[in-house]
Amino acid sequence: MSTLASLQADLALDVDIAQAQPMALAGAFRCEPGELLALVGPSGAGKTSMLRVLAGLMRPERGRVTVGGETWCDIARGICLPPQRRHVGLVFQHYALMPHLSALDNVALSLLHLPRRERLAQAGQWLAHMRLTPGQQSRQPAALSGGQQQRVAVARALAREPRLLLLDEPFSAVDQMSRQALYGLLADLRRELSIPIVLVTHDLNEARMLADRLVVMDAGQVLQQGTPDTIHRAPRNPRVADLVGIHNHFRGQWMGPADQSGWGWLRWKHGTDTDTGPLLRVRDKGRLPTGQLVSWVIPGDGITVLDRKPEHAGEFRVQVAEVRHLGEITLATLTLLDVSGTPLRLTLSGPQRLRLTEGVPLCVHLNLDLIHVMPVRQR
């Protein structure tokens, strides 16, 4: 059998795509061997189209795709290898299994270059590695659960000994319990594989949990790429902040440098552009002119709930507007009394959430070091 160890090689995926027709698609990114990179964005962002380009199912207008130094696509040089020459493992959202074949025969389809006996033996070993019993391997897809069908699809993809693994919304068609088990399977596979893995998902929690890096896309464009934590703490612009689901996203105006180098004043605004709000002393990267309208964010771990009155800079009066207890976590909406009723949304765990009751006045402390400020483009 070809083992997972045989798939290890010094591979890296490099992509640089640019086209206007038949749909806009533009961006460059790299995925290292053993890295899982997630393409995220709304429906119509171009995620699946980018995956199709990588698989050789769509020829870009302009662009280049290389894996481990091997050129799969270079339109300027007239190179665009067909899918069968790219050694890609592709796992689809709805599995794309042959309904009339057993799980064993479905995986064996990836091994047609081998004699039948060896083909079936290797297919059985791949399915066993995906934790399917001999009895389950003999069943047709309709007699398997969604999670089991997905394991067959993964086994079929890996049996090709791919140099690149592409996962197109692979968990969205299974129930939550099966999804958690598949997450664990993927985590185990990543420890054994040393090939680039590209995941398309619309589930931001899934992307943050599984991916080493995110590529945020919208309207066919790559807007930002980086680790989930980096993007969540420092989105490139307000659109990225919206796309990655940052809850505490506010408006303001840059008031210029503060009394100490590296710090500046941010006016927290709510409502009309002429309203006034508190001044926040935040990090100054020296890129914003005084008076610039801005958008700013603060991560959830930069907000602490206190049951006392405000005493220090960055502390504000709030009232609990809504509380939803969801098992081990609590979702809460607090109304900031000092900023025209602006809502502040928190996800809390541990003892801190127990003090939250609707209508109760509290105080929040904002870690001003963690505020990230972005300019708002004037139209």
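May I ask you to say which residue of 291, 264, 256 is buried (at least 20 other Cβ atoms within 10 Å of the Cβ) and assigned by TED's automatic domain parsing to the domain that holds residue 336? Spell out how you get there, then give the answer.
Working: 291 fails: buried (at least 20 other Cβ atoms within 10 Å of the Cβ); 256 fails: buried (at least 20 other Cβ atoms within 10 Å of the Cβ).
Within the list 291, 264, 256, the selection yields 264.
Return only the number of the condition from (1) touching a Pro at 6+ places or on another chain (Cβ under 9 Å); (2) without any contact (Cβ under 8 Å) to a residue 24 or more places away in the chain that residue 105 does not satisfy.
Checking residue 105 against (1) touching a Pro at 6+ places or on another chain (Cβ under 9 Å); (2) without any contact (Cβ under 8 Å) to a residue 24 or more places away in the chain, the one that fails is (1).
Return the residue satisfying two criteria in turn: it lies in the stretch 274-318 and is within 29 Å of the chain's Cα centre (by Cα) and among the basic types (Lys, Arg), and of such residues it is modelled with the highest pLDDT.
Going through the qualifying residues, I end up with 283.
Yes or no: the stretch 218-227 includes at least one residue that is without any contact (Cβ under 8 Å) to a residue 24 or more places away in the chain and hydroxyl-bearing (Ser, Thr, Tyr).
Yes - at least one qualifying residue is present in the stretch 218-227.
Please work out which residue is nearest to the chain's Cα centre (by Cα), limiting yourself to the stretch 319-375 and to residues that are β-branched (Val, Ile, Thr), outside any strand (DSSP E or B) and surrounded by fewer than 16 Cβ atoms within 10 Å (Cβ to Cβ).
Of the stretch 319-375, the ones β-branched (Val, Ile, Thr) are 320, 323, 329-330, 333, 335, 339, 342, 347, 357, 360, 364, 371, 373.
If we keep only those that are outside any strand (DSSP E or B) as well, we get 339, 357, 360, 371.
Adding the requirement that they be surrounded by fewer than 16 Cβ atoms within 10 Å (Cβ to Cβ) leaves 357, 360.
Details: 357: 33, 360: 36 Å.
That would be 357.
Taking residue 296, is it within 30 Å of residue 354 (Cα to Cα), in contact (Cβ under 8 Å) with a residue 40 or more places away in the chain and not in a loop (DSSP other than H, G, I, E, B)?
Details: within 30 Å of residue 354 (Cα to Cα): yes; in contact (Cβ under 8 Å) with a residue 40 or more places away in the chain: yes; not in a loop (DSSP other than H, G, I, E, B): yes.
So residue 296 passes the test.
Tell me, which strands (runs of 3 or more DSSP E) wholly within the stretch 51-160 include 2 or more residues that are surrounded by fewer than 20 Cβ atoms within 10 Å (Cβ to Cβ), at pLDDT 95 or above and of a type in the set (A, V, I, L, M, F, W, C)? Please lay out each step first, then the result.
Details: elements: 62-67, 70-74, 88-91.
Because the criterion is at least 2 residues that are surrounded by fewer than 20 Cβ atoms within 10 Å (Cβ to Cβ), at pLDDT 95 or above and of a type in the set (A, V, I, L, M, F, W, C), no strands (runs of 3 or more DSSP E) in the stretch 51-160 meet it.
So for the stretch 324-337 (the condition being touching a helix residue (DSSP H, G or I) at 6+ places or on another chain (Cβ under 6 Å) and farther than 20 Å from residue 258 by Cβ), does at least one residue qualify? Full working, then the answer.
Step one: list which residues in the stretch 324-337 are touching a helix residue (DSSP H, G or I) at 6+ places or on another chain (Cβ under 6 Å), which gives 330.
Now narrow it down to the ones that are farther than 20 Å from residue 258 by Cβ: 330.
Yes, the conditions are met somewhere in the stretch 324-337.
Scan 163, 190, 233, 156 and give me the residue that is touching a His at 6+ places or on another chain (Cβ under 7 Å) and under 20 Å from residue 51 (Cα atoms).
Details: 190 fails: touching a His at 6+ places or on another chain (Cβ under 7 Å); 233 fails: under 20 Å from residue 51 (Cα atoms); 156 fails: touching a His at 6+ places or on another chain (Cβ under 7 Å).
Just one listed residue meets the conditions, 163.
I need the full set of residues from the stretch 341-367 which are under 21 Å from residue 302 (Cβ atoms) and polar (S, T, N, Q), in order please.
Once the filter is applied, which keeps residues that are under 21 Å from residue 302 (Cβ atoms) and polar (S, T, N, Q), the stretch 341-367 yields 342, 347, 349, 352, 367.
Restricting attention to the stretch 175-195, does a residue exist that is at pLDDT 90 or above and under 30 Å from residue 18 (Cα atoms)? Full working, then the answer.
Going through the stretch 175-195, the residues at pLDDT 90 or above turn out to be 195.
Filter once more, so that each one left must be under 30 Å from residue 18 (Cα atoms): 195.
There is at least one residue in the stretch 175-195 that is at pLDDT 90 or above and under 30 Å from residue 18 (Cα atoms).
Residues 353, 345: which one is more than 26 Å from residue 373 (Cα to Cα) and out of contact with any Asp or Glu (no Cβ under 7 Å at 6 or more places or on another chain)? Working first, answer last.
Values: 345 fails: more than 26 Å from residue 373 (Cα to Cα).
Testing whether each residue is more than 26 Å from residue 373 (Cα to Cα) and out of contact with any Asp or Glu (no Cβ under 7 Å at 6 or more places or on another chain) leaves just 353.
The values are calculated or read from the model by the stated rules, or taken from the named source; none is laboratory data. These figures come from a predicted structure and were not determined experimentally. When we count neighbours, we look across all protein chains shown, and the Cβ atoms used for this are built from the backbone with ideal geometry, even at glycine.
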